[in-house]
Amino acid sequence: MKLPDLILKPNEERRVKRGHPWVFSNEVDVEKSPLTDFAPGDWVTLRDHAGNALATAYVNPSTLISARVVNREPDQPLTREQISARIRRALALRERLFDVPYYRMVFAESDDLPGLVVDRHGEVLVAQINTAGMESMRVDIVAALEQALHPLAMVLRNDVPARAMEGLEEYVETVIGELPDRVTIEENGVVFEIDPVNGQKTGWFYDQRENRARLKRYVKGARVLDAFSYTGGFGIQAAVEGAASVHCIDSSEAALILALRNAALNRCGDRMTVDQADAFYALRRLRSEKQRYDLIVLDPPAFARRKKDLRAALEAYARLNRLALQLLEDDGILFTASCSWHVDGQQFTGALRAAARGANKRVQIIERGHQAPDHPVHPALDETDYLKFTVARVADGL
Ligand code: SAH
């Protein structure tokens, strides 16, 4: 099939040639190939300024990312067979990594399926289609997933704000079977009920699996504070591993109701309390009440969603971490995360350093982590390398 061309400005092919899968709107030679000639999701052959073919991509004329590469050959739109093959390949990695069928099964560009995210909660799949190009392949995607796994149910959680920018409507639709209200998953030997339809994102944050497993070493007999707890991912694993008490803070009531159910499910409800509140506010209140904890988890949402938010985000990370340090007992442990990819590892450490100075505490970084391996990093795409995680030992000032 001969596809229309999308021609880049001189020298703008370099990044794509190095393996980057995106073309930004300012890199397109719009005189030679006006973006306005295309509809969202159209297939194109990407060419350098001299006309040499680089790749096949799908376009969206109205977004900052104008084209996303799907094949390194020209005139090769994604086929159903290719989607199937890529899904099977993604699945094979997860089956190799994990003993239980609960994971991020497809992580978009990192699994060569730009714009598609699929989480597997056992027999139930939750998918998100984030781009017009992938939306045009919806039927093939659903068919490929059905064929690969024969799931009991599958829902499209296409209710993400990114879709509005793509010119796509937001909707939630069950496309296979009948969706149960709750799905039970297992992580690090602990069971959780999640809500695949009303839960945040796809219902569970698998990216922290390995970091939650780090709790084991530190929590015996500990008083734990789990801030930004969602449905209790860290807190309940801490309780199961022997924490004396766990206090969860989250702004979402629905998340905390599930956290309590999950605590009961794991027979640790008697050691868990929840507080629906803004975490900054709640931490300040706990500080004024002179509460102390042995281990604190900070797992906030991304503070820097855009580059221009960076400075404010770093200040917020510093403020939040300072509050936590002030609540820690001498020789306490801080689990602290940032999922903002705009904030890099050094900047995150900088925020922790500022927090330590502000709180007059000595901080030793003893473990570093990142996202779990079912969220592979695409080496050319920094955005896929987003989660920073630090375990620090905290002592009172010298
Ligand atoms: N730690 C969780 C995931 C956290 S996701 C886990 O292990 O599963 C981020 C959470 O922060 C969400 O549950 C969201 O409801 C909550 N949140 C966002 N802003 C908040 C705020 N200002 N105060 C408290 N919680 C907040």
- Which percentage, to the nearest 5, of the DSSP beta bridges contained in segment 195-396 is antiparallel? 45
- Message: Can you find, among G269, H247, S288, the residue sitting farthest towards the positive end of the charge dipole of segment 144-289, where Lys and Arg contribute +1 and Asp and Glu -1 at Cβ?
- Response: S288
- Query: Once both axes come from the Cα atoms, what is the angle between helix 279-288 and the longest principal axis of the chain, in degrees from 0 to 90, rounded to 10?
  - Reply: 10
- Query: Based on DSSP, what percent of beta bridges with both residues in the chain are antiparallel, to the nearest 5?
  - Reply: 65
- Item | Equivalent ellipsoid, segment 149-224 (semi-axes from 5 times Cα gyration tensor eigenvalues, Å) | 31, 17, 10
- Query: Roughly how many debye, to the nearest 20, is the charge dipole of segment 153-215 about its Cα centre, given +1 on each Lys and Arg Cβ, -1 on each Asp and Glu Cβ, and no other charges?
  - Reply: 300
- Message: If the only charges are +1 at each Lys and Arg Cβ and -1 at each Asp and Glu Cβ, what is the size of the charge dipole of the chain around the Cα centre, to the nearest 20 debye?
- Response: 1640
- Note on the structure: Semi-axes a, b, c in Å (a largest) for segment 10-155, each sqrt of 5 times a Cα gyration tensor eigenvalue, come to 31, 15, 12
- Note on the structure: Given Cβ charges of +1 for Lys and Arg and -1 for Asp and Glu, the option among T56, N360, V183 whose Cα lies farthest towards the positive end of the dipole of the chain is N360
- Cβ charges +1 (Lys, Arg) and -1 (Asp, Glu), total dipole of segment 130-251, debye: 840
- Item | For segment 336-350, Karplus couplings with θ = phi - 60° (6.51, -1.76, 1.60), whole Hz, Gly/Pro x | 9, 10, 9, 10, 8, 6, 5, 8, 8, x, 5, 5, 5, 4, x
- Note on the structure: Longest principal axis of the chain (C-alpha) makes with the long axis of helix 80-97 (C-alpha) an angle, in degrees to the nearest 10, of 30
- Query: Once the Cα gyration tensor of segment 174-314 is diagonalised, what are the square roots of 5 times its eigenvalues, in whole Å and ordered largest first, as equivalent ellipsoid semi-axes?
  - Reply: 24, 21, 14
- What fraction, in whole percent, of alpha-carbon pairs in segment 195-396 exceed 29 Å separation? 17
- Kirkwood hydrodynamic radius of segment 5-68, from inverse mean 1/r over distinct Cα pairs, in Å: 11.1
- Which angle between 0 and 90 degrees, to the nearest 10, do you get for helix 138-149 versus the longest principal axis of the chain when only C-alpha atoms count? 60
- Would you kindly give the portion of the calculated P(r) for segment 80-177 that falls above 23 Å, as a percent of all Cα pairs? 18
- Among the aspartates and glutamates, which fall within straight-line cross-link reach of K17, defined as a Cα-Cα distance under 14 Å, with same-chain neighbours fewer than 8 residues apart omitted? E27, D48, E73
- Message: Using a Debye calculation, one point per C-alpha and no hydration shell, please list log10 I(q)/I(0) for the chain at q = 0.08, 0.11 Å⁻¹ in order.
- Response: -0.47, -0.84
- Task: Determine the alpha carbon to alpha carbon distance for each of K308/K388; K2/K32; K9/K32; K32/K307; K307/K361 and list only those over 21 Å.
- Result: K32/K307; K307/K361
- If Lys and Arg each add +1 and Asp and Glu each add -1, what is the summed charge of the other residues whose beta carbon sits under 14 Å from the beta carbon of E187? -1
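A short reminder: the numbers here are calculations on the coordinates, not readings from a lab. Every value quoted in this text rests on a predicted model; they were computed, and no experiment measured them. When we count neighbours, we look across all protein chains shown, and the Cβ atoms used for this are built from the backbone with ideal geometry, even at glycine.
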